[in-house]
1. Failed condition for Met103, given (1) modelled with pLDDT under 85; (2) on the phi > 0 side of the Ramachandran plot; (3) within 12 Å of the chain's Cα centre (by Cα), with all others met?
2. Scanning region 10-22 for residues that are part of a loop (DSSP other than H, G, I, E, B) and touching a residue at least 24 places away in the same chain (Cβ under 8 Å), which turns out nearest to Leu83 (Cα to Cα)?
3. Please indicate, with yes or no, whether at least one residue in region 58-65 is surrounded by 17 or more Cβ atoms within 10 Å (Cβ to Cβ) and within 17 Å of His18 (Cα to Cα).
4. Only residues that are surrounded by 17 or more Cβ atoms within 10 Å (Cβ to Cβ) and free of Cβ contacts under 8 Å to residues at least 24 places away in the same chain: list them for region 31-45, please.
5. Of all the residues that make up region 33-60, how many are within 13 Å of the ligand (Cβ to nearest atom), over 13 Å from the mean Cα position of the chain (by Cα) and in a loop (DSSP other than H, G, I, E, B)?
Amino acid sequence: MIRTHDNAYVGYVNACPHDGVWLNIGSGDFFTQDRAFLKCGRHGATFEIDSGLCIDGPCNGKNLQPIALAVVDGEVCLCGERLVEDDRPFDAFDDHDETMDIMIHPD
Ligand code: FES
């Protein structure tokens with residue numbers, strides 16, 4: 001999930017359309033040095049932040065897989081994604097950690 005310069009939010013599956021690896025593989029960075037584009041750490045594909053379109057690299061013309069987001073009461077929410085937490089039985093006393101943790105099922 002990325003907050004854009006105009007305070008909109010876009011989200012993409014963290015998988016390069018070229019070879020399926022995490023975009024931040026290697027250095028851990030998602031962005032080009034000027035932070036104007038997303039990049040893949042493996043072979044250097046460059047993607048527009050707003051559209052997810054690859055504009056340079058081995059997957060030129062392909063798109064990152066978008067994830068639908070919605071802002072609800074100031075919170076950015078994933079839409080239509082199955083979370084690991086959805087598969088666990090609810091136990092209100094199970095998790096005493098108040099930090100947010102979200103894990104998305106890999107394909
Ligand atoms: S795996 Fe991303 S550019 Fe090759």
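1. (2)
2. Val13
3. Here is the first cut: in region 58-65, the residues surrounded by 17 or more Cβ atoms within 10 Å (Cβ to Cβ) are 59, 64.
When the remaining residues are screened for being within 17 Å of His18 (Cα to Cα), the result is 59, 64.
Checked against the condition, which is being surrounded by 17 or more Cβ atoms within 10 Å (Cβ to Cβ) and within 17 Å of His18 (Cα to Cα), region 58-65 yields at least one hit.
4. Matches in region 31-45: Phe37, Lys39, Gly41.
5. 9
The values are calculated or read from the model by the stated rules, or taken from the named source; none is laboratory data. Values in this document were obtained by computation on a predicted structure and should not be read as measured data. Don't worry about glycine lacking a Cβ; one is built from the backbone with ideal geometry, like all the others, and counts go over all protein chains shown.
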